Amino acid sequence: MRISYHGHSSVSVETRQNVRLLFDPFITDDQLTDLIIDDVTVDYILITHAYGNRLSDMIEIAKKNDATVISNSEIVCLVKQHGVKNTQVMVEGSSCVFPFGRVKMVPAKHRSGYELDTSTGCIGAPSGYIVECEGKTIYHAGDTSEFSEMKLIGDEFNIDVAFLPIGDGHIMGPLEAAHANELIRAKAVIPILFNTFPKTRQNPQIFVELVTEGIGEVMEIGEELELW
């Protein structure tokens with residue numbers, strides 16, 4: 001499979017069979033991303049939590065590609081109201097088998113809200129995802145802080161690549177993310193969710209220096225990582 005990083009927490013995966021997955025697309029309001037909505041081709045979109053700067057892009061991409069949106073029931077209900085036809089509801093701790101492999105929804109510690117008119121409501125619980133595909137295991141933690149149940153994720157899965165947020169503020173900082181990786185024990189770990197906004201300014205090399213030598217890797221926006 002081929003993994004690409006597109007800035008913020010947007011990560012895409014392409015399998016040998018040319019099945020395309022996209023985690024948390026955030027394009028319109030991200031000046032750093034390499035993605036252009038009209039050029040995105042995708043079969044499955046995995047959404048970790050509700051937040052305006054993700055859902056608006058995701059709805060447009062899903063409708064354009066007739067893609068399947070994977071998320072919690074509240075987000076799925078919302079996007080169906082906006083014309084998304086193909087969806088898969090998941091709940092924390094559940095697994096689903098898809099043509100490309102198996103997906104498990106795991107916990108995250110954050111918020112999940114969506115602004116509607118002048119009010120903001122809570123829409124489901126935030127999550128992360130474990131994707132098992134072509135003999136590899138990927139963990140996308142979503143927006144989260146460090147939490148003790150991460151050890152259970154590490155005990156259950158032999159994680160090849162983990163994507164962990166380091167932006168601090170409303171999510172983990174580099175130190176907390178390094179502690180988190182001690183719990184999940186990923187073979188390779190890539191920092192995400194940093195430098196998109198002023199409050200998330202971080203030097204990702206600090207995180208690389210905090211984790212076990214040789215496993216931390218900073219992916220540039222648009223860079224590809226091959227796992228064959």
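The values are calculated or read from the model by the stated rules, or taken from the named source; none is laboratory data. Note that this is a predicted model, so its numbers are computed, not measured. For neighbour counting, all protein chains shown are included, and Cβ atoms are generated from backbone atoms with ideal geometry for every residue, glycine included. Surface areas here come from the heavy atoms of the whole protein model, side chains and all, with no ligands, DNA or RNA. Shrake-Rupley method; radii C 1.70, N 1.55, O 1.52, S 1.80 Å.
Observations
- Complete set of residues in the range 74-84 that are surrounded by fewer than 18 Cβ atoms within 10 Å (Cβ to Cβ), of a type outside the set (Gly, Ala, Ser) and in contact with a helix residue (DSSP H, G or I) (Cβ under 7 Å, 6 or more places away or on another chain): 82
- A single entry from 182, 146 fulfils the requirement of being among the charged types (D, E, K, R), open to solvent by 40 Å² or more (accessible area, probe 1.4 Å) and in a loop (DSSP other than H, G, I, E, B): 146.
- Among residues of the range 34-72, those that are part of a loop (DSSP other than H, G, I, E, B), of a type in the set (Ser, Thr, Tyr) and at pLDDT 95 or above, counted: 1
- Residue in the range 5-16 that is closer than 25 Å to residue 200 by Cβ, part of a loop (DSSP other than H, G, I, E, B) and open to solvent by 50 Å² or more (accessible area, probe 1.4 Å) present: no
- Picking from residues in the range 96-112 that are open to solvent by less than 30 Å² (accessible area, probe 1.4 Å) and aliphatic (A, V, I, L, M), the one that is modelled with the lowest pLDDT is 108.
- For the range 171-213, a residue qualifies if it is among the basic types (Lys, Arg) and touching an Asp or Glu at 6+ places or on another chain (Cβ under 6 Å), and exactly one does: 187.
- Listed by first and then second residue, the pairs linking a residue in the range 187-204 that is touching a residue at least 40 places away in the same chain (Cβ under 8 Å) to a residue that is of a type in the set (Phe, Trp, Tyr), with Cβ atoms under 9 Å apart and 6 or more places separating them unless they lie on different chains, are 190/5; 190/163; 192/5; 192/163; 193/163; 196/26.
- Condition check for residue 146: in contact with a His (Cβ under 7 Å, 6 or more places away or on another chain) and acidic (Asp, Glu): yes
- Restricting the range 161-179 to residues that are part of a loop (DSSP other than H, G, I, E, B) and under 15 Å from residue 211 (Cβ atoms), the residue that is farthest from the chain's Cα centre (by Cα): 173
- Residue 87 being open to solvent by 10 Å² or more (accessible area, probe 1.4 Å), assigned to a strand (DSSP E or B), on the phi < 0 side of the Ramachandran plot and touching a helix residue (DSSP H, G or I) at 6+ places or on another chain (Cβ under 9 Å): yes
- Which listed residue, of 214, 154, is small (Gly, Ala, Ser) and surrounded by 14 or more Cβ atoms within 10 Å (Cβ to Cβ): 154
- Taken over the range 54-73, residues that are of a type outside the set (Gly, Ala, Ser) and surrounded by fewer than 17 Cβ atoms within 10 Å (Cβ to Cβ) amount to 3.
- For the range 157-173, taking the residues that are over 21 Å from residue 104 (Cβ atoms) and surrounded by fewer than 24 Cβ atoms within 10 Å (Cβ to Cβ), the one that is modelled with the highest pLDDT is identified as 173.
- Qualifying residue in the range 202-215 (condition: outside any helix (DSSP H, G or I) and within 23 Å of residue 34 (Cα to Cα)): yes
- Test: residue in the range 185-199 that is open to solvent by less than 20 Å² (accessible area, probe 1.4 Å), farther than 18 Å from residue 127 by Cβ and assigned to a helix (DSSP H, G or I): no
- Among the conditions (1) loosely packed, with under 14 Cβ neighbours inside 10 Å; (2) of a type in the set (Gly, Ala, Ser); (3) modelled with pLDDT under 90, the only one that residue 93 does not satisfy is (3).
- Considering only residues in the range 15-57 that are under 12 Å from the mean Cα position of the chain (by Cα) and of a type in the set (Phe, Trp, Tyr), the one that is nearest to residue 101 (Cα to Cα) turns out to be 23.
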